[in-house]
Structure formats: structure tokens, C-alpha cells
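The values are calculated or read from the model by the stated rules, or taken from the named source; none is laboratory data. What you are looking at is a predicted structure, and each value in this text was computed from that prediction instead of being measured. Virtual Cβ from ideal backbone geometry, glycine too; neighbours counted across all protein chains shown. Surface areas here come from the heavy atoms of the whole protein model, side chains and all, with no ligands, DNA or RNA. Shrake-Rupley method; radii C 1.70, N 1.55, O 1.52, S 1.80 Å.
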Amino acid sequence: NNMNARDEVGNAHGVVYGGRFFEGKFITGNNNEYIELPAEKISINQYQTISLEAFIRTDHLMPYYSMLAYFGDSDTVGYNYLFLSASSTYLTKTGISCAGKIEPWTTETNILGPKIMDGNYHHLVMTFDNTSLRLFVDGVLIQSQEVMNPENSISNISTEYAYIGKSGYLIDPTWWGAFDEFNIYEGVLEEKTIYK
């Protein structure tokens, strides 16, 4: 039911592939279950600053290298992207890479956070202001990473694809677990306002 992936504040409604909705949550447990968002309509590359927020339950059977959210282009590997993950090598991770299609993972500005695959609900927030990338897990700042490569900027993020639960790297499996809520903000959520 595509109407379940509704944008509550705008009209960037998502298209649902597999999974199921139960008590307001989007639940996945098989490969190729995800939501595609209208990337061009969202136009994330027009934002001055960005925050991504996810309330999720992580599955202990989580596949390796899956992503919670991905904005960017894709041609076997992802490129010109921004992502948030809760199972990149079984750790939380966020990153941006806009320096080209050849081995884009080598030019990422990224942060690795703790393993949270425990079947409990967790709150993840990443913020990016073209100067520093920050990752919060359950209200705690994990790290603030300065951007060394000037190409890793919001304006260089592709508006080709936008996914919830899917990566732009085609070899990566889709994410398994439950989304209680997923939010995209233009602006940086301040530390004092982030849910603890």
C-alpha cells in the first residue's frame, strides 16, 4: 500500500517495495524490501544544511553492508551520495562521497558508530553542514568529523535516487528491521534538541 509511505509534512510520498506496515511501522525482513522516495522532488542538493533522523529497531539477523537511507546516484557502486546506515560491518555509519565514480568509498567523509543490532529501538541522527559531519546514537554525539575534501558538499549530492532501507551500491542487500519514523530536515538539529 503506497499510501502508507506518506510524507507527513510535504508531498514527497514514497513507493513501497515489499515489507509490511504494522502499528505505524514499516517492517522488513527479506532482501529487496525498501521504500523509494522522489529524489528530484526532495532536491536534497538544494539544502544549505541537512539532518537525517531515524527511529529504528535493528534486527540481529541484519545483512552486512545495508543502508537505512541513501541519497545519490548508482552505477554498480554508489557515487555522489550521502547515507546513514545501522549495519555497515554491523556498525552504525554515516558518510558522504562526491568526488567521483572511481572507488568513491576511498573519498568518503564518514563516521563509524557502535553496534546496535540488539532488537531494541534506537534513535539515529546525522547532521551535515558542509564543514562537519556528525552522528548521534540515542542522543549521544558519537563523533564530529571535519570535511577534508571540498567536493564532499551538499550541492554535489545527486538527486537520481533516494531510498529508505536500500543502498546505492547494487551488491549491498536491503536493510532488515523496523522503521518507526524517518525524517529529513533542512537544517542542523542542535544537540540540545536531539531526543535522549
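Determine how large the accessible area of Arg20 is when every protein chain is in place; take a 1.4 Å probe and give Å² rounded to the nearest 10.
Arg20 exposes around 130 Å² with every protein chain in place.
Using a 1.4 angstrom probe and counting only protein chains, how large is the accessible area of Asp75 in Å², to 10?
Only protein atoms counted, so the area is about 80 Å².
Considering every pair of different Cα atoms, what Kirkwood radius, in Å, is found for the range 40-86? Display every interim value, and only then the final one.
Working: mean 1/r = 0.0791 Å⁻¹.
By the Kirkwood definition, the hydrodynamic radius is 12.6 Å.
How much accessible area per residue does the range 46-175 have, in Å², with a 1.4 Å probe?
39
What do you reckon, how do Phe55, Phe21 stack up by accessible area (1.4 Å probe), largest on top? Please list the in-between numbers first.
Details: Phe55 45, Phe21 70 Å².
Result of the area sort, largest leading: Phe21, Phe55.
Let me have the 222 nm mean residue ellipticity of the chain computed from DSSP H runs of 4+ only, each contributing -39500 (n - 2.57), with the sum over all residues rounded to the nearest 500.
About -500 deg cm²/dmol.
Mind ranking 155-164, 78-87 by how tightly packed they are, going by the mean number of other C-beta atoms within 10 angstrom, highest first?
Output ranking for 155-164, 78-87: 78-87, 155-164.
For the range 103-155, count the residues as N, evaluate 2.2 N^0.38 Å, and divide the Cα radius of gyration by that value, please. Numbers along the way, then the final one.
On the way: Rg = 12.7 Å, N = 53, 2.2 N^0.38 = 9.9 Å.
Expressed relative to 2.2 N^0.38 Å, the Cα Rg reads 1.28.
Give the total of Lys-Lys pairs in the chain with Cα-Cα distances below 25 Å; include a pair only if its members are 8 or more places apart or on different chains.
Summing the qualifying lysine pairs gives 16.
Just from the alpha-carbon atoms, what are the Rg and Dmax of the chain in angstroms?
When restricted to Cα atoms, the chain yields Rg and Dmax of 15.1, 43 Å.
Under a 1.4 angstrom probe, counting protein chains only, how are Thr127, Thr89 ranked by accessible area, largest first?
The ranking, largest first, comes out as Thr89, Thr127.
Give me the percent of accessible area attributable to carbon and sulfur for the chain, probe 1.4 angstrom. It would help to have the intermediate numbers written out before the result.
Details: 4450 of 9190 Å².
For the chain, the apolar C and S fraction of the accessible surface comes to 48 percent.
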